[in-house]
1. Exactly one condition in (1) under 21 Å from B:A282 (Cβ atoms); (2) among the hydrophobic types (A, V, I, L, M, F, W, C); (3) in a helix (DSSP H, G or I) is not met by A:I74; state its number.
2. Kindly check whether there is at least one residue in segment B:133-140 that is among the aliphatic types (A, V, I, L, M), within 14 Å of another protein chain (Cβ to nearest Cβ), crowded, with 18+ Cβ neighbours inside 10 Å and not in a loop (DSSP other than H, G, I, E, B).
3. With the requirement that a residue be surrounded by 15 or more Cβ atoms within 10 Å (Cβ to Cβ) and either among the hydroxyl-bearing types (S, T, Y) or not in a strand (DSSP E or B) (or both), what does segment A:38-57 give you?
4. Every residue in segment A:8-37 that is part of a strand (DSSP E or B) and away from chain B (no Cβ under 14 Å), please.
5. Residue check, B:T130 against (1) among the polar types (S, T, N, Q); (2) free of Cβ contacts under 8 Å to residues at least 24 places away in the same chain; (3) under 14 Å from B:E17 (Cα atoms), all met but one. Which one?
6. Please specify each residue of segment B:157-182 satisfying the condition of being touching a Lys or Arg at 6+ places or on another chain (Cβ under 6 Å) and within 10 Å of chain A (Cβ to nearest Cβ).
7. Please go through segment B:70-86 and pick out each residue that is more than 12 Å from B:V38 (Cα to Cα) and among the small types (G, A, S).
8. Any idea which residue in segment A:39-94 is modelled with the lowest pLDDT, counting only those that are within 18 Å of B:P300 (Cβ to Cβ) and of a type in the set (S, T, N, Q)?
Amino acid sequence: MSVIRIPPTLRAQTGGEREVIVEGETVRDLLDDLTSRFPGLNGQLEYANVYVGGEDIRTRDGYETPVSESDTVILLPAMAGGSTAENAAHFPRA
Amino acid sequence: MSSYRDLLEETRQQIGEIDVKRARELYGDAVPAVFLDVREREEWDEGHIPGAVHLPRGWLESRVEQAVGDRTRPIVAYCAAGNRSVFAARTLEELGYTDVVSLAGGINDWKRHGYPLEVPTGGLAPEQRTRYSRHLLIPEVGEEGQLKLLQSRILLIGAGGLGSPAALYLAAAGVGTLGIVDADVVDETNLQRQVLHSTASLGEPKVESAERTIRALNPDVEVKTYKELLTSENIDRILADGWDVIVDGADNFPTRYLVNDAAVWHDIPLVHGSIFRFEGQATVFKPHEGPCYRCLFPNPPPPELAPSCAEGGVLGVLPGVIGSLQASEAIKLALGIGEPLIGRLLLFDALTTTFTEVALRRDPDCPVCGDHPTISEYIDYVEFCNPLHA
């Protein structure tokens, strides 16, 4: 079991959940488990960066990066918001 | 009871002295001694040994630990003629400094030998010394740093949620020139967080409202306004005005990518911030030293993954936290001090009051700052949102 932090831009797809506990040994397993629980996330995760233990998985083994129980997984889609919240709509649901 | 003469000679016997020739050798060492100037401000301003630390004798005991943390570091104390520095040297020894000498003959003798001298040009005016006194007290800033800030030029992209606190703190800090790019006018929904503007400025262009607020706060600051939407057509012209740091408080992806690419090509550090609801993030993209925005997100997401058009919302104080962090980073970059957020992304959650940091790495395959760039011209992305998700 590991904790995945859901970014605010994706919480509409997780029923507002900020953190989700998922099963698996690798990042791929965890994300598969996550999308099976919240199918609305299907196709939404490809453009998010993924961090395990504070490190970008691209600098480790990508989706095959092993995840231990104590690791927190952070999903990070690009955020654009700054000047005007009116344009916060332009965040990608990556 | 001893006279001043007696006391001076007695103390002189107790401390070490060197002449200016020996001091000149120490000055040229690979690891030079700390030259500690214990004279008054006016004397310092008339000329001092380059690189010396200025600490008037009246402040010696209370501030020397901040100025010279390592008590084993060699210190050459000097004054005008080598008398006050005798007493300063003894005080330093009493404070536990183990390698202290006084410069016999002082800076007068140093000058007579034609050794290097630095005469500050255009130091702080008396009213500036008062206004920035709390900066002057910090060893990492000091007068030299404050003068540097007054000569710094920082460009703000956006005078909105993030740009507001950033601009206010940069102006208050005495950043000499602030550029502001924003095409919008102030509307009522802005006032919940955009603290540069006020009810009286409703309907006014944001750059004008911002300029007025900044001038009222600090007349030292020159404000350069660009009432235009940043595009591939005007970005080079705006950057050609010369900027030391860019603070990105943009609200949309096309601008974020444009500013990132320009920062890389113009080699200007970019302080990034973004906010959404209760959460924000900040980092520093310093070209060629760390990653750029495209190392994180090489391209905007495809249209089918575009966000909904629904209002996102943001806690009004959140840009205050993130924009202030951006101002702090920009000041550090302008001064060249500390450890900026290069290669580190700071995530802030106001709801749980937690800061999290993740590591960002430069991507050698980055299309803009990588080893073999594939993008060499600005791209005007079309802003999109997806009504199907609304």
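The values are calculated or read from the model by the stated rules, or taken from the named source; none is laboratory data. No experiment lies behind these values; they were computed from the predicted model shown. All Cβ positions, even for glycine, are placed from backbone atoms using ideal geometry, and neighbour counts span all protein chains on display.
1. (3)
2. Residues of segment B:133-140 among the aliphatic types (A, V, I, L, M): B:136-138.
After this cut, where a residue has to be within 14 Å of another protein chain (Cβ to nearest Cβ) as well, the list is none.
No - not one qualifying residue is present in segment B:133-140.
3. A:F38, A:L41, A:Q44, A:L45, A:Y47, A:A48, A:Y51, A:G53, A:I57, listed by residue number.
4. Within segment A:8-37, the first condition is being part of a strand (DSSP E or B), and the residues that meet it are A:19-22, A:26.
Result: A:V20, A:I21, A:V22, A:T26.
5. Against the list (1) among the polar types (S, T, N, Q); (2) free of Cβ contacts under 8 Å to residues at least 24 places away in the same chain; (3) under 14 Å from B:E17 (Cα atoms), B:T130 comes up short only on (3).
6. We begin by selecting, within segment B:157-182, every residue touching a Lys or Arg at 6+ places or on another chain (Cβ under 6 Å); these are B:159, B:161, B:177, B:179, B:182.
Those that are touching a Lys or Arg at 6+ places or on another chain (Cβ under 6 Å) and within 10 Å of chain A (Cβ to nearest Cβ): B:A159, B:G161, B:D182.
7. Of everything in segment B:70-86, nothing turns out to be more than 12 Å from B:V38 (Cα to Cα) and among the small types (G, A, S).
8. Among those that are within 18 Å of B:P300 (Cβ to Cβ) and of a type in the set (S, T, N, Q), it is A:N87.
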